[in-house]
Structure formats: C-alpha cells, structure tokens
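The next block holds one structure in the form of structure tokens; read it before the comments.
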Amino acid sequence: MSPQRGPTAEPVLGRRRAGVLLHPTSLPGAARDGALGDVARHFVDWLVAGGFSVWQLLPLGPVGPDRSPYFARSNHAGNPGLLDLAALERAGLLPSARERAHVPHAGCVAQAAAALLASRGAAREAYDAFVAAERDWLGDYALFTAIQARESGRPWWEWSVSARDRDASALAGARRTLAAEIECVQAGQFFFHSQWRELRAHANAQGVKLFGDIPIYVAPDSVEVWANRALFQLDAAGLPTAVAGVPPDFFSADGQLWGNPLYRWEEHERTGFAWWLGRLRAQFALYDLLRIDHFRGLEAYWSVPAGAATAKTGRWVVAHGEALLSRAREAFAALAVVAEDLGVITPEVERLRDGFALPGMRVLQFGFDGTAGNVHALHEWTANAVGYTGTHDNDTTAGWFASLRDDEKHRVREYLDCADAQVVAQMVRVVTASVARLSVVPLQDLLGLGSTARMNLPGTTESNWAWGFEWSDVPPDLAERCRRRNATYGRCD
C-alpha cells in the first residue's frame with residue numbers, strides 16, 4: 001500500500017504558531033441556529049485578525065444526552081446539531097427564520113433533508129455522489145440511527161436479538177421499512193460534510209489550520225461497536241466485559257470510570273488495523289492536525305472490570321500502539337498527530353511518543369507544584385510540544401488561580417513575578433513566549449473568565465459542555481492586543 005497524501009503539505013508544527021481552543025458549540029447562537037456557517041467564518045476572521053493560525057476544536061461526532069463529544073457514536077458522522085440553518089435556507093431547503101422560529105433545530109434539519117430528497121438537479125446529484133463515496137460507513141450509521149429511533153432510543157444491546165446480532169435478513173427488512181428515515185439521516189450527514197468542507201476551505205485560505213481531536217475510545221452505544229463487535233471486549237449479549245477509565249489522578253481521587261468498551265488489540269493487529277486506519281483517514285479528511293486523546297492508552301490501558309463502582313479496581317494492560325502507529329506511518333505520508341500525554345505517563349509511553357517524533361502537551365496550570373523536573377513547569381518545556389494555559393478539562397485559569405491555597409498562589413506569583421490581578425494575562429503571555437512551537441489558549445482565558453465558563457469537569461456528567469459566548473463579551477481591541485503579542489513572540493507569518 002503506497003502512502004497517502006497527508007492532511008497538509010506544510011507541517012503545522014513546522015514553524016511557531018498560536019492557536020485558540022474553542023468548540024463550535026460555544027459559538028454565539030450555536031444551540032439555536034447551528035455553528036458551521038457565518039458565525040464560524042466570523043470566528044476564523046477574528047483569529048486571523050489576532051495573529052492566530054490554529055483553531056483547536058473538540059470532537060465533532062454526534063453526541064448523546066450528556067452532550068459529551070468524547071462519547072462518540074460514530075467515527076465518521078458529524079453532529080447534525082452543528083448544521084447552519086441559514087445555509088440550508090439559502091439553498092432553498094428551509095423557509096425563512098421567521099417562519100421556522102418555533103421549529104426545533106432537529107426538526108429543521110429533517111425538513112431540509114426531506115426537501116433535498118424530493119428535489120432534482122445539482123444538489124440531489126451531489127447527495128447521491130456523497131452516499132456512493134461514503135457507503136463504507138454511511139449505510140451502517142444511518143441504519144443504526146434509524147433502528148434506534150424506532151426502538152425509542154434504547155441502546156443496541158437491548159434491541160431484538162436479530163437486530164442486536166445483525167442478522168442479515170433482519171437488517172434487510174429494516175432497510176426496507178426504514179428507508180425514508182435512513183435517507184433522512186444520510187442527508188443530514190451530506191449537509192454536515194458539505195458545510196464542514198466550506199468552513200475548512202475558508203479557514204485554510206486565510207492560513208488557519210484546523211486542529212481536531214480523536215477520542216481514543218468510542219461510546220458503547222455506537223455504530224462502531226454494533227457493527228464491529230469482534231474488535232471490542234464484549235460478551236455474547238454485546239455488553240463490555242471490561243471498561244475504560246483512568247486510575248486516581250489530579251482530577252479525581254477515585255479515578256475516572258468512563259465506561260467505554262475496550263479494544264481486542266490482537267484482533268485489530270490481525271486485520272492490519274484496518275478499522276483504525278479508516279478512523280484516522282476520516283479525521284484527516286476533516287482536520288489539518290489531529291490530537292489523539294488519552295494517547296497513553298495506546299501503550300497500556302486501564303482496564304476496569306464491568307460493573308465496578310469506581311475505577312480504583314482497574315489494572316494496566318499492554319496495548320498494541322507501536323504496531324498501530326507503525327502501520328499508520330506507512331499509510332499516511334504525513335502523520336500530523338499530537339499525543340495527549342497527560343496523566344500517568346511512564347517511560348514506556350514517552351518512548352512510544354518520542355519514537356514517532358510526536359509532539360506532546362504541556363499545561364502551565366500543572367507546572368506549579370514545586371516538584372523538581374515537572375515537565376509542565378515552563379522552564380522544562382521543549383520545542384516539539386503544544387503549550388497550553390489549560391485545556392477543556394481544566395478550570396479556566398482565573399477559576400483555577402482563585403481555587404488555590406495561599407501558599408500555592410504565592411508560588412504562582414513568584415514564578416510569574418506579578419500580582420494576583422495579572423496572573424491570567426501573564427500566563428497567556430508566557431505560554432505564547434514559550435519554546436513550544438504551538439501555543440494554544442482557550443478563549444475563556446483570553447477573555448479572563450472565571451469558573452462559570454468552565455467547559456468540563458472530568459469524572460462528572462452534569463452541567464458540562466454547555467458554555468458559550470457572545471460577541472459582546474469580546475473587547476473590541478482584544479484581537480489587536482493578541483496580534484501584537486503573537487507577533488512579539490514570533491508566532492505570526
């Protein structure tokens with residue numbers, strides 16, 4: 001197999017860059033009108049004005065009731081909730097905003113899908129071409145979604161045995177009886193991928209690279225598990241025999257019990273990692289740079305017995321990450337991947353990361369514990385890294401500092417040589433000035449927001465992933481101030 005062209009001709013970390021971390025659901029009006037249209041393009045334009053050339057996002061897949069983008073129901077599908085309704089209106093597939101004012105976003109997408117499927121002409125031809133090109137994943141995903149709707153949202157292991165176990169005649173019957181629902185789902189994915197391509201083209205044309213995120217695991221109630229049961233540690237009924245998590249750490253004294261099914265790595269290697277390569281290929285079609293979340297799980301993963309109350313009872317099991325990355329390096333000419341190497345990092349994980357020359361992550365909030373050799377302390381950072389004030393899993397920098405003990409605050413003030421009121425601005429400045437070739441700051445930190453703007457609290461399932469901003473929250477001179485800072489530290493063209 002000859003190497004495929006990588007996601008970008010120029011390595012994103014080939015020069016010093018600055019980026020902003022913001023998930024599209026946080027954009028103004030995203031929950032009401034969608035995020036992939038004018039509002040996202042306006043944010044790209046703001047990034048350019050600020051001297052930023054990287055936009056980091058969280059995973060874009062369809063989400064469940066908890067809204068977590070890390071509980072992916074598909075490796076390939078996009079979240080229809082992000083669709084820009086105004087674009088569908090301009091395409092003649094929706095009535096005016098006034099006429100659809102009381103129709104939920106999902107209802108508007110279904111209405112647009114019906115209009116597309118009833119149409120003739122270029123748009124319908126483009127849809128038919130999309131369905132043909134994406135048939136390897138789209139058919140299963142649309143069928144899975146349609147059956148689940150028929151089953152009142154029940155997880156796939158609670159379906160009839162014939163549907164659960166993918167009996168061929170049962171699936172053929174479902175495709176016939178649910179044909180309209182299946183086409184509606186496919187049309188929604190056509191809209192998503194079309195709008196995403198337009199957004200990426202707009203960003204790339206202005207020199208902005210899109211930095212995506214791939215969760216190491218998928219949700220148990222996902223098309224990936226339903227359609228590929230042999231690749232996961234499941235029992236005969238489709239339930240996990242062991243689940244993913246992490247041991248006790250900075251974020252949780254009990255560890256984190258994620259509940260995702262674990263991989264049967266031997267089966268993945270036996271099949272030449274075809275499933276993983278398809279997953280990476282799909283993500284490289286969306287992004288210029290890709291972060292592998294929980295990278296350490298490619299070296300060894302925390303296996304928790306199914307039914308355990310906490311993650312404390314888990315154990316480390318060796319994975320097949322080196323074989324996977326070797327295969328990926330053969331398949332992709334440019335492996336534009338960042339290793340999320342936070343948490344319990346061992347020399348074995350470091351060797352895996354460094355053996356493939358993958359950049360790691362450095363988070364300044366973690367750098368003030370006073371321990372010698374702390375890799376997150378600013379003076380320990382290296383160039384082949386992505387440096388952050390904090391990530392989507394951290395409190396905002398203002399909230400983090402406010403929560404510290406007095407002695408910890410003193411250590412931060414001494415290190416940054418500033419008063420309390422300047423801590424957030426100083427942390428943004430020193431991250432931008434750091435040796436890391438890519439510096440990334442959450443928008444919340446650029447705005448100096450407190451804990452109410454936190455995106456996620458790991459180990460919890462309530463009140464996460466909901467923060468959003470309005471343009472009125474952004475000072476008119478902020479972009480210019482960011483540009484001057486980025487230029488001062490060599491992060492602009």
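Of the numbered conditions (1) of a type outside the set (A, V, I, L, M, F, W, C); (2) assigned to a helix (DSSP H, G or I); (3) more than 27 Å from the chain's Cα centre (by Cα), THR432 fails exactly one; give the number of that condition.
Among (1) of a type outside the set (A, V, I, L, M, F, W, C); (2) assigned to a helix (DSSP H, G or I); (3) more than 27 Å from the chain's Cα centre (by Cα), THR432 violates only (3).
Filtering segment 17-37 down to residues that are in a strand (DSSP E or B) and either of a type in the set (A, V, I, L, M, F, W, C) or without any contact (Cβ under 8 Å) to a residue 40 or more places away in the chain (or both), which residue is farthest from GLY50 (Cα to Cα)?
It comes out as LEU21.
Quick one: VAL349 ticks every box in (1) farther than 25 Å from VAL20 by Cα; (2) surrounded by fewer than 21 Cβ atoms within 10 Å (Cβ to Cβ); (3) of a type in the set (Val, Ile, Thr) bar one, so which box is it?
Unmet condition: (2).
Can you name the number of the only condition in (1) out of contact with any Asp or Glu (no Cβ under 7 Å at 6 or more places or on another chain); (2) surrounded by 15 or more Cβ atoms within 10 Å (Cβ to Cβ) that GLY92 fails?
Among (1) out of contact with any Asp or Glu (no Cβ under 7 Å at 6 or more places or on another chain); (2) surrounded by 15 or more Cβ atoms within 10 Å (Cβ to Cβ), GLY92 violates only (2).
If ALA172 meets every condition in (1) surrounded by fewer than 17 Cβ atoms within 10 Å (Cβ to Cβ); (2) aliphatic (A, V, I, L, M); (3) in a loop (DSSP other than H, G, I, E, B) apart from one, which number is that one?
Of (1) surrounded by fewer than 17 Cβ atoms within 10 Å (Cβ to Cβ); (2) aliphatic (A, V, I, L, M); (3) in a loop (DSSP other than H, G, I, E, B), only one is false for ALA172: (3).
Which of the following residues is assigned to a helix (DSSP H, G or I), within 23 Å of the chain's Cα centre (by Cα) and either at pLDDT 95 or above or buried (at least 23 other Cβ atoms within 10 Å of the Cβ) (or both): ARG41, ARG73?
Among ARG41, ARG73, only ARG41 is assigned to a helix (DSSP H, G or I), within 23 Å of the chain's Cα centre (by Cα) and either at pLDDT 95 or above or buried (at least 23 other Cβ atoms within 10 Å of the Cβ) (or both).
Among the residues of segment 309-323, write down those that are of a type in the set (A, V, I, L, M), touching a strand residue (DSSP E or B) at 6+ places or on another chain (Cβ under 7 Å) and at pLDDT below 95. Walk me through how you get there before you give the answer.
Filtering segment 309-323 for residues of a type in the set (A, V, I, L, M) gives 309, 311, 317-319, 323.
Then keep just the ones that are touching a strand residue (DSSP E or B) at 6+ places or on another chain (Cβ under 7 Å); that gives 311, 317-319.
Hit for segment 309-323 is ALA311, nothing else.
Tell me which residues, restricted to segment 360-390, are touching a strand residue (DSSP E or B) at 6+ places or on another chain (Cβ under 9 Å), surrounded by fewer than 17 Cβ atoms within 10 Å (Cβ to Cβ) and not in a loop (DSSP other than H, G, I, E, B).
Across segment 360-390, the qualifying residue is only GLU380.
State whether the residues of segment 391-403 include one that is assigned to a loop (DSSP other than H, G, I, E, B), more than 25 Å from the chain's Cα centre (by Cα) and within 20 Å of PHE368 (Cα to Cα). So that I can check it myself, show each step before the final result.
Of segment 391-403, the ones assigned to a loop (DSSP other than H, G, I, E, B) are 391-396, 403.
Going one step further and asking which of them are more than 25 Å from the chain's Cα centre (by Cα), we end up with 403.
If we keep only those that are within 20 Å of PHE368 (Cα to Cα) as well, we get 403.
The answer is yes; a qualifying residue exists.
For segment 328-359, what are the residues that are assigned to a loop (DSSP other than H, G, I, E, B) and of a type in the set (Val, Ile, Thr)?
Correct list: VAL344, ILE345, THR346.
Hey, among GLY360, GLY373, which residue is at positive phi and not basic (Lys, Arg)?
GLY373
Taking the options ASP235, ASP249, ASP254, name whichever one is acidic (Asp, Glu), at pLDDT below 95 and either within 30 Å of ALA168 (Cβ to Cβ) or touching a strand residue (DSSP E or B) at 6+ places or on another chain (Cβ under 8 Å) (or both).
Just a single option satisfies the conditions, and that option is ASP249.
For segment 110-140, what are the residues that are in a helix (DSSP H, G or I) and closer than 14 Å to ALA180 by Cα?
Listed by number, the residues that qualify are ALA110, GLN111, ALA112, ALA113, ALA114, ALA115, LEU116, LEU117, GLY139.
Restricting to segment 76-96, count the residues that are within 30 Å of the chain's Cα centre (by Cα), part of a loop (DSSP other than H, G, I, E, B) and more than 18 Å from VAL185 (Cβ to Cβ).
Of the residues in that region, 2 qualify.
Can you find even one residue in segment 85-96 that is farther than 22 Å from LEU199 by Cβ and not aromatic (Phe, Trp, Tyr)?
Checked against the condition, which is being farther than 22 Å from LEU199 by Cβ and not aromatic (Phe, Trp, Tyr), segment 85-96 yields at least one hit.
Quick check on segment 55-93: of everything there that is among the polar types (S, T, N, Q) and touching a helix residue (DSSP H, G or I) at 6+ places or on another chain (Cβ under 8 Å), which residue is nearest to LEU21 (Cα to Cα)? Break it down into steps so the answer makes sense when it comes.
Residues of segment 55-93 that are among the polar types (S, T, N, Q), as a first pass: 56, 68, 74-75, 79.
Among the residues that remain, those that are also touching a helix residue (DSSP H, G or I) at 6+ places or on another chain (Cβ under 8 Å) are: 74-75, 79.
Values: SER74: 23, ASN75: 22, ASN79: 19 Å.
So the residue we want is ASN79.
The rows are residues; the columns are (1) over 20 Å from GLY61 (Cα atoms); (2) at pLDDT 95 or above; (3) among the hydrophobic types (A, V, I, L, M, F, W, C); (4) touching a strand residue (DSSP E or B) at 6+ places or on another chain (Cβ under 6 Å).
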position	(1), (2), (3), (4)
GLU125	yes, yes, no, no
VAL131	no, yes, yes, no
GLY139	no, yes, no, no
PHE144	no, yes, yes, no
ARG154	no, yes, no, no
TRP159	yes, yes, yes, no
ALA163	yes, yes, yes, no
ASP167	yes, yes, no, no
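Within segment 457-469, can one find any residue that is surrounded by fewer than 16 Cβ atoms within 10 Å (Cβ to Cβ) and on the phi > 0 side of the Ramachandran plot?
Looking through segment 457-469, at least one residue is surrounded by fewer than 16 Cβ atoms within 10 Å (Cβ to Cβ) and on the phi > 0 side of the Ramachandran plot.
What residue, of PHE144, PHE190, is buried (at least 19 other Cβ atoms within 10 Å of the Cβ), of a type in the set (Phe, Trp, Tyr) and within 18 Å of GLU89 (Cα to Cα)? Write out each step before concluding.
On the way: PHE144 fails: within 18 Å of GLU89 (Cα to Cα).
Just a single option satisfies the conditions, and that option is PHE190.
State yes or no: is ALA319 crowded, with 16+ Cβ neighbours inside 10 Å, in contact (Cβ under 8 Å) with a residue 60 or more places away in the chain and either out of contact with any Cys (no Cβ under 9 Å at 6 or more places or on another chain) or within 29 Å of TYR388 (Cβ to Cβ) (or both)? Please lay out each step first, then the result.
Values: crowded, with 16+ Cβ neighbours inside 10 Å: yes; in contact (Cβ under 8 Å) with a residue 60 or more places away in the chain: no; either out of contact with any Cys (no Cβ under 9 Å at 6 or more places or on another chain) or within 29 Å of TYR388 (Cβ to Cβ) (or both): yes.
The answer is no for ALA319.
The values are calculated or read from the model by the stated rules, or taken from the named source; none is laboratory data. Since the structure is predicted, the reported quantities are computational estimates derived from the model, not experimental observations. Because the Cβ atoms are built from the backbone with ideal geometry, glycine has one as well, and the counts that use them run over all protein chains shown.
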